[in-house]
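Notes for the one structure printed next.
The numbers here are math on the coordinates, done by the rules we state, and not lab data. What you are looking at is a predicted structure, and each value in this text was computed from that prediction instead of being measured. Positions of Cβ are backbone-derived with ideal geometry, glycine not excepted, and every protein chain shown enters the neighbour counts.
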Amino acid sequence: MRFAAAEYLYLALLLPTLAVFWLFADFRRKATLARFGSPELMQKTGLAVRSSVRWLRRTMMLLGILLAVIALARPQWGARLTHIEQKGVDIVLAMDTSKSMLAQDIKPSRLEKAKYELDKLIELLQGDRIGIVCFAGTAFTLSPLTLDYSAARLFLQSISTEVVPEPGTCLADALKAAAENFNPSEHKYKVILLLTDGEDHCKELGYDPLKAAEEVKKQGAVVYTIGIGSAEGGPIPLLNEAGGLEYKRDSTGERIMSRLDEDTLKQLALATGGKYYHSTAGELEVEKIYNEIRQMERKKFGEQLQVEYEDRFQYFLAAAMVLFFVSALVPERIK
């Protein structure tokens with residue numbers, strides 16, 4: 001036998017407390033009645049009770065409560081193997097790990113907020129494969145597509161601004177690296193979720209992210225973008241050689257302010273049939289995106305054997321109800 005909600009079994013620890021309370025109440029009751037008359041007088045007035053019958057009744061109530069607690073813990077026995085068809089889409093999470101993601105205009109930082117957003121998404125997944133791409137001045141696949149969500153979470157937690165040594169931000173490379181994880185023979189079941197502040201330093205070098213988005217669309221992928229940051233922006237904190245905190249500065253010595261570029265992210269999403277969302281405190285955008293993903297056509301990844309256990313709580317609940325009913329019928333007072 002196993003319990004599907006074993007945490008409720010701790011409620012059974014309250015039963016000894018209830019028994020002690022009843023003992024104390026009996027002692028107080030006897031002491032109070034003794035001041036008003038003899039046991040014979042109490043019996044004539046109908047105030048006397050049969051101690052053995054009272055404790056028989058209470059024992060039934062305690063057993064009934066114990067059985068009700070067991071029922072609440074959902075006892076299960078008897079198992080069967082079932083084949084669960086795994087269906088979903090391929091989702092590649094492209095995460096900006098450039099230094100600008102250290103800005104703290106979004107608390108605790110843009111990078112940590114993005115990691116939290118992705119963790120929330122992985123928590124929602126049901127049968128979809130997940131992959132992770134990190135990008136800054138270049139991009140690479142940190143975790144290939146997998147159904148192992150625990151492993152994906154471990155990779156996610158390991159992300160820092162040090163994983164991609166190339167400085168800058170190249171959105172075109174991010175989209176290209178994400179698309180390389182998909183099956184080129186398929187033209188659907190593909191989603192790229194791009195989390196970034198939208199700053200792009202590759203446009204000047206001829207790497208147009210909009211053209212990259214159009215190429216991704218030709219492969220059947222939809223791009224959703226989440227903007228991490230604020231329009232007001234924030235300075236980029238860095239550690240100097242002595243381990244002290246300072247801020248990134250330009251050639252004139254002025255602090256560089258990193259700001260969210262929503263326009264670029266909106267264009268990338270629109271070009272592929274996706275949507276742009278701005279990161280919020282409640283992470284509602286993650287739920288909205290996944291709800292849209294769930295409406296997409298899904299492909300079969302295979303079958304998984306799953307053990308299903310039979311719930312047997314009803315037997316314990318029925319026995320508890322019988323004990324409560326019988327205990328209510330047992331008279332305590334001596335007439």
Which Cα, out of 154, 296, 328, lies furthest along the positive dipole direction of the chain (beta carbon charges, K/R +1, D/E -1)?
328
By counting other Cβ atoms within 10 Å of each Cβ, how are 199, 162 ranked from fewest to most?
162, 199
Quick one: if the Förster radius is 30 Å, what FRET efficiency do residue 31 and residue 321 give, using the C-beta to C-beta distance and rounding to 0.05?
0.25
For residue 247, the residues 5 or more places away or on another chain with a placed amide H closer than 5 Å to its own amide H are 238
Stretched out fully, how many nm does the piece from residue 307 to residue 329 gain, at 0.36 nm a residue minus the Cα gap?
3.6 nm
Taking the number of other C-beta atoms within 10 Å as the exposure measure, put 315, 207 in order starting with the fewest.
315, 207
Toward the positive end of the charge dipole of region 90-297, about the Cα centre and with charges on Cβ (Lys, Arg +1; Asp, Glu -1), which of 164, 177, 237 goes farthest?
177
Please go through the residue pairs 107/248; 107/299; 107/188; 113/248 and name each one whose alpha carbons sit more than 29 Å apart in this structure.
107/299; 107/188
In degrees, nearest 10, the alpha-carbon axis of helix 313-329 is tilted away from the dominant principal axis of the alpha carbons of the chain by 30
Hey, in the chain, which Cys have no second cysteine's beta-carbon closer than 4.7 Å?
134
Give the residue from 97, 281, 114 lying farthest towards the positive end of the charge dipole for the chain; charges sit on Cβ (+1 for Lys and Arg, -1 for Asp and Glu) and the dipole is referred to the Cα centre.
281
List residues of region 162-198, by number, whose backbone nitrogen lies under 12 Å from a label position 7 Å along Cα→C-beta of residue 138.
164-167
If I stretch the segment between residue 296 and residue 54 completely, what's the gain in nm (0.36 nm per residue apart, minus their alpha carbon distance), one decimal?
80.7 nm
Can you tell me the dipole magnitude for region 209-280 around its Cα centre, using point charges on the Cβ only (Lys, Arg +1; Asp, Glu -1), in Debye to the nearest 20?
320
Taking the chain as a Gaussian network, where each spring joins two C-alpha atoms under 10 Å apart, which residue of 242, 12, 94 fluctuates the most?
242
Which residue fluctuates the most in the chain, going by a Gaussian network model with Cα springs under 10 Å, if the choices are 133, 322, 286?
322
Quick check for me: using +1 on Lys/Arg Cβ and -1 on Asp/Glu Cβ, what's the dipole size of the chain about its Cα centre, in debye to the nearest 20?
3100
Spelling it out for residue 140: with amide H atoms placed in the peptide plane at 1.01 Å from N, the residues 5 or more places away or on another chain with amide H under 5 Å from its amide H are 134
Residue 227 long-range amide H proximity, modeled H, under 5 Å
277, 278, 279
Relative contact order of region 90-297, please, whole-number percent, based on alpha carbon pairs below 8 angstrom and at least 6 residues apart.
23
Classify region 70-111 as rounded, prolate or oblate, taking a ≥ b ≥ c as the square roots of the eigenvalues of its Cα gyration tensor: rounded when a/c is under 1.5, otherwise prolate if a/b is larger than b/c and oblate if not.
oblate
Can you work out ³J(HN,Hα) from phi for every residue in region 237-253, in order, using Karplus 6.51 cos²θ - 1.76 cosθ + 1.60 and θ = phi - 60°, giving whole Hz and x for Gly and Pro?
x, 9, 9, 7, 4, 7, x, x, 8, 9, 10, 5, 10, 8, 5, 8, x
Pairwise FRET efficiency - residue 215 versus residue 255, Cβ, R0 = 41 Å, nearest 0.05:
0.65
Given points 7 Å out from each Cα along the Cα-Cβ axis, report the residue 77 to residue 147 separation in nanometres with one decimal.
3.2
